[in-house]
Amino acid sequence: MTAILTYAFKNLPTTSKWALRFSIRPLSCSSQLRAAAAVQTKTKKTLTKPNIRNIVVVDGVRTPFLLSGTSGLLHRTSVPKEVVDYIIFGTVIQEVKTSNVAREAALGAGFSDKTPAHTVTMACISANQAMTTGVGLIASGQCDVVVAGGVELMSDIPIRHSRKMRKLMLDLNKAKSVGQRLSLISKFRLNFLAPELPAVAEFSTSETMGHSADRLAAAFAVSRLEQDEYALRSHSLAKKAQDEGLLSDVVPFKVPGKDTVTKDNGIRPSSLEQMAKLKPAFIKPYGTVTAANSSFLTDGASAMLIMAEEKALAMGYKPKAYLRDFMYVSQDPKDQLLLGPTYATPKVLEKAGLTLNDIDAFEFHEAFSGQILANFKAMDSDWFAQNYMGRKTKGHAMIVEAYPK
C-alpha cells in the first residue's frame with residue numbers, strides 16, 4: 001500500500017471521458033419505474049449546501065485486484081506531501097503488527113511523521129468509511145486535503161494460537177521461577193496447538209456472508225439461473241472494459257518474489273453451461289450460491305485524493321467529481337445482513353432532495369449476484385417497503401435492475 005500512495009501523486013491526468021461510463025454501472029429500471037419516471041421532470045436544483053464547503057475528488061488509483069495468493073497516488077498527482085493534512089485507510093482483517101496500517105503506509109510512502117493517520121474498520125464498507133470520514137474533516141474545516149482508501153491482504157491473514165495456548169504462553173511470560181514455569185508446562189496438551197482459523201463471518205451469528213446471500217436469494221425467489229446469468233454479465237463487462245484499456249485507475253504492482261502485476265486476474269468470463277456444473281459453496285446440497293456467482297476474495301489497495309474545492313482549484317487541479325452526501329444504515333445481521341442498498345438508497349436520495357429521475361447511473365456492490373438481485377427485487381416491492389421499511393410504498397426513489405435474459 002505504500003507503493004500505491006507514492007505512485008498516484010505524480011502526473012495528474014485530465015479527466016477521463018470514460019469515468020462515468022465504466023467507473024459506475026448504469027442500471028435500467030423496471031418497466032413500472034420507467035413509466036413512473038417518464039412523467040417526472042428533472043429537478044433543477046443545486047446540491048450545494050449553504051455554509052458547507054464543496055468537497056471534490058481530485059484523483060484515485062488502485063492496485064490490480066489479485067485472487068488471494070501507497071505510493072501510487074503520489075506519482076499520479078504530483079501533489080506535495082506536505083500539503084496532505086490527514087490520511088485515513090479502511091481494512092477488514094487487521095494485522096496485529098500493523099494495526100494502524102494507514103500510519104505505516106504513510107511513513108513508508110515518505111509522508112512526514114507529523115501527518116496524522118488512522119485506520120477504520122466497518123466490514124466490506126471500510127474504505128467508504130475512510131472516505132466519508134475524510135469528507136467530514138474537510139466539511140468541518142479541520143482539513144483541506146485528505147488521502148483516503150482501503151487495503152486488504154486476504155492471502156496472508158493472521159492465524160492465532162488456540163485460546164488455551166495463548167493463556168499458557170502469557171502465564172509462562174509472567175512466571176517468576178523455574179518451578180512455576182515447569183508447573184505451567186506440565187499442563188500443556190497437544191490439542192493446544194490447534195490454530196484458530198479466521199473466517200469472514202459475523203461474530204453475532206457465526207454465519208459467513210455466503211450463507212446470508214444464499215438464504216436471501218431463497219427468500220426473494222432468485223433462481224440459480226438468474227444468479228449465473230448476472231454473474232456472467234458482470235465478468236463479461238469487466239473483461240470488455242479491461243480489454244479496451246478503460247480501467248485507467250489501475251497502477252502496476254510488484255508482488256514480492258513474483259512478477260509485476262498490471263491487471264486484475266480474477267476477471268474470468270465463463271459460460272452458463274460451465275457455471276451450472278459447480279456445486280453450492282455454502283448451503284449444501286440445495287443452495288444456489290456458487291464460486292462462479294460470488295465475488296472472489298482478493299489482495300488489493302486503493303487510495304483517493306480528496307480536497308476542498310477551493311484548495312484543488314488553487315493548486316491547478318481539475319476535480320473529477322463532487323462528494324455531496326452519504327448515508328449508512330444497519331439491519332438485522334441474521335436475516336437482512338446484505339439488504340443495505342435497499343434501505344440506504346431511498347434515504348440518501350430523500351436526504352439530498354432528489355428523485356429517481358435525477359440519477360443517470362447507480363453503482364451497487366455485487367458481493368454475490370444473488371445478493372444484488374435480491375436487493376433489486378426488494379426495492380421493487382411495495383409489500384417489503386410497507387412491512388420492513390415503514391414506508392407506504394417503494395416510491396419513485398427506488399431503483400431495480402432489469403435482469404438479463
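The values are calculated or read from the model by the stated rules, or taken from the named source; none is laboratory data. What you are looking at is a predicted structure, and each value in this text was computed from that prediction instead of being measured. Positions of Cβ are generated from backbone atoms using ideal geometry, with glycine treated the same way; all protein chains shown enter the neighbour counts.
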For this session: All but one of (1) surrounded by 14 or more Cβ atoms within 10 Å (Cβ to Cβ); (2) touching a strand residue (DSSP E or B) at 6+ places or on another chain (Cβ under 9 Å); (3) not assigned by the TED database to the domain that holds Val83 hold for Lys164, so report the exception by its number.
Result: (2)
For this session: Restrict the check to region 198-208 and report whether at least one residue is surrounded by 12 or more Cβ atoms within 10 Å (Cβ to Cβ) and more than 30 Å from Gly266 (Cα to Cα).
Result: no
For this session: Filter region 314-347 down to the residues that are closer than 22 Å to Ala213 by Cα and among the hydrophobic types (A, V, I, L, M, F, W, C), then identify the one that is surrounded by the fewest Cβ atoms within 10 Å (Cβ to Cβ).
Result: Val329
Exercise. Can you name the number of the only condition in (1) of a type outside the set (A, V, I, L, M); (2) surrounded by 14 or more Cβ atoms within 10 Å (Cβ to Cβ); (3) more than 19 Å from the chain's Cα centre (by Cα) that Ser126 fails?
Worked result: (3)
For this session: Give me a count of the residues in region 212-237 that are surrounded by 20 or more Cβ atoms within 10 Å (Cβ to Cβ) and among the hydrophobic types (A, V, I, L, M, F, W, C).
Result: 6
Seminar exercise, completed: Looking across region 108-121 at residues that are at pLDDT below 95 and surrounded by 14 or more Cβ atoms within 10 Å (Cβ to Cβ), the single one that is nearest to Thr133 (Cα to Cα) is Thr121
For this session: Report whether or not Lys311 is surrounded by 14 or more Cβ atoms within 10 Å (Cβ to Cβ) and among the basic types (Lys, Arg).
Result: yes
Exercise. Would it be correct to say that Asp243 is under 22 Å from the mean Cα position of the chain (by Cα), under 26 Å from Phe368 (Cα atoms) and of a type in the set (Asp, Glu)?
Worked result: no
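Only one of Lys254, Lys258, Lys279, Lys263 is at pLDDT below 95 and under 23 Å from Ala231 (Cα atoms); which?
On the way: Lys254 fails: under 23 Å from Ala231 (Cα atoms); Lys258 fails: under 23 Å from Ala231 (Cα atoms); Lys279 fails: at pLDDT below 95.
Selected residue: Lys263, the only one of Lys254, Lys258, Lys279, Lys263 that is at pLDDT below 95 and under 23 Å from Ala231 (Cα atoms).
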Exercise. Somewhere in region 130-140, is a residue surrounded by 14 or more Cβ atoms within 10 Å (Cβ to Cβ), in the same structural domain as Gly60 (by the TED database) and not in a helix (DSSP H, G or I)?
Worked result: no
For this session: Please state which of the following conditions Ala281 fails to meet, knowing it meets all the rest: (1) surrounded by 19 or more Cβ atoms within 10 Å (Cβ to Cβ); (2) within 19 Å of His211 (Cβ to Cβ); (3) under 19 Å from the mean Cα position of the chain (by Cα).
Result: (3)
Exercise. Pick from region 49-98 the residues that are hydroxyl-bearing (Ser, Thr, Tyr) and within 19 Å of the chain's Cα centre (by Cα): which of them is surrounded by the fewest Cβ atoms within 10 Å (Cβ to Cβ)?
Worked result: Ser68
